[in-house]
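Below is one structure, written out as structure tokens; the observations come after it.
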Amino acid sequence: MKIATVIGARPQFIKAAAVSRVLRTQHQEILIHTGQHYDANMSEIFFEELHIPRPDYNLGIGSGRHGAQTGAILEQVEEVLITENPDALLVYGDTNSTLAGALAASKLHIPVIHIEAGLRSFNRRMPEEINRVLTDHLSSWLFCPTETAVKNLTAEGITAGVYKNGDVMNDAFLYNLELAKEKSNILQTLGLTSKSFILCTIHRAENTDDPTRLTQILKAVSQISQPVVLPLHPRTRKIVQELGLNSLLEQVKVIEPVGYLDMITLEAHALKLVTDSGGVQKEAYFAGVPCITMRDETEWVETVEVGWNRLTGADEGKILDAVESFTPPDDRPSIFGDGHAAEQFVTALER
Ligand code: UD1
Ligand code: UDP
């Protein structure tokens, strides 16, 4: 098949790194980068270090409000799809690039393949939830990482074309961990020793766009007794500056966003992860590091159910309490597959 893939944001580059390698052994892939993320440390670094094929198209859309950004991607992806006339369009996850790609293809009667289908937070105030629900309802092939995702789709009446193949981020993590041990010097560069620090990420709109929530989170982070490393997402950096909250980060080791090999090294050596990221919650589980999730709900419910992830919302006291006392059980059952989700995906496409 000729498959056009639309990617645009950091976690999609990582997912594509795992999938493209396998997909291209059987199929022709046309890679479309929307340009939703564009800073070198949010985009280019992943293409270089993970050997992601160069995009055939870079749409250079950049940042914007939801309507403007989604609309611009929709318009330009449509042009590319008309030119390329692929047999199917592949999208990942739940960003504006995902939804715009799926919408462009479905209006042209090009079947949509959704990897990371069926995830739900049941919170429609999250832009990601709207993107996921709509993308799933536009898709012909729905690849679910977990059993919960399959059940969520069933509950919405989507049963045809649904496959459970495991999580392609697990593939990426397992594939790159050894490489990271060889190549990453991030612990030495930052003067850190293993299991002596907390790794934190903050970027989700429900936290950054609500000054009360963001302030609570930063207050909590500023009081953590261990050293805190915070690779700061550009969205959060901008808002922290606008709100004049920089003083809450004085005790925190704030660094620029890092590449994937440095990130998984930091994750594996952290005492705990404190995050609102979807991908980082899963990577905490892959790495066997306790995760504290600063959200009111999560799509990755299994990680909470088995006791390795604790939801604190943006509550200063709950975050601090979890950093001090949260201890997961010894047992860490397999939730996300065996590291071969991309192969299972390509095999299912052949059926
Ligand atoms: C997007 C996704 C979110 C995902 C995240 C991954 C949507 C609605 N949200 O959020 O689901 O978790 O990517 O990181 O699609 N910016 C830069 N440089 C960049 C990219 C962004 O400075 O290279 C700044 C800009 O000020 C921009 C802001 O970050 O306005 C937000 O970027 P955007 O892509 O709209 O959303 P994210 O918060 O990155
Ligand atoms: N990540 C990274 N560098 C960073 C922060 C995150 O490589 O400085 C990786 C992280 O390991 C994970 C992915 O980016 O694979 C998660 O993306 P993000 O948190 O931006 O988005 P989400 O998963 O919440 O959509």
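In this structure, Q188 and A160 have a Cβ-Cβ separation that, at R0 = 41 Å, corresponds to a calculated FRET efficiency of about 0.20. For segment 1-97, applying the loop criterion from DSSP together with a ceiling of 15 other beta carbons within 10 Å to the trypsin sites (Lys or Arg not before Pro) yields R65. One quarter of the surface of the convex hull around the alpha-carbon atoms of segment 28-89 equals 4.6 nm², the direction-averaged projected area.
Calculate, for segment 284-329, the solvent-accessible area per residue in square angstrom, rolling a 1.4 angstrom probe over the heavy atoms of the protein chains.
35
Within the accessible surface of the chain, defined with a 1.4 Å probe on protein heavy atoms only, the carbon and sulfur portion equals 50 percent.
Rolling a 1.4 angstrom probe over the protein heavy atoms with all chains in place gives segment 150-241 an accessible area of 45 Å² per residue. Heavy atoms of the protein chains alone define the surface here; on that basis segment 1-123 has 38 Å² accessible area per residue at 1.4 Å probe size. Restricting to Cα atoms and excluding each atom paired with itself, what does the Kirkwood estimate give for the chain in Å? In the chain this quantity evaluates to 20.5 Å.
With a 1.4 Å probe rolled over the protein heavy atoms of all chains, the accessible area of M1, M42 falls in the order M1, M42, largest first.
The values are calculated or read from the model by the stated rules, or taken from the named source; none is laboratory data. Fair warning: this is a prediction, and the values are worked out from it, not measured in the lab. Reconstructed Cβ throughout: ideal geometry from the backbone, glycine too, with neighbour counts over all protein chains shown. Side chains included, ligands, DNA and RNA excluded: accessible areas come from the protein's heavy atoms. Shrake-Rupley method; radii C 1.70, N 1.55, O 1.52, S 1.80 Å.
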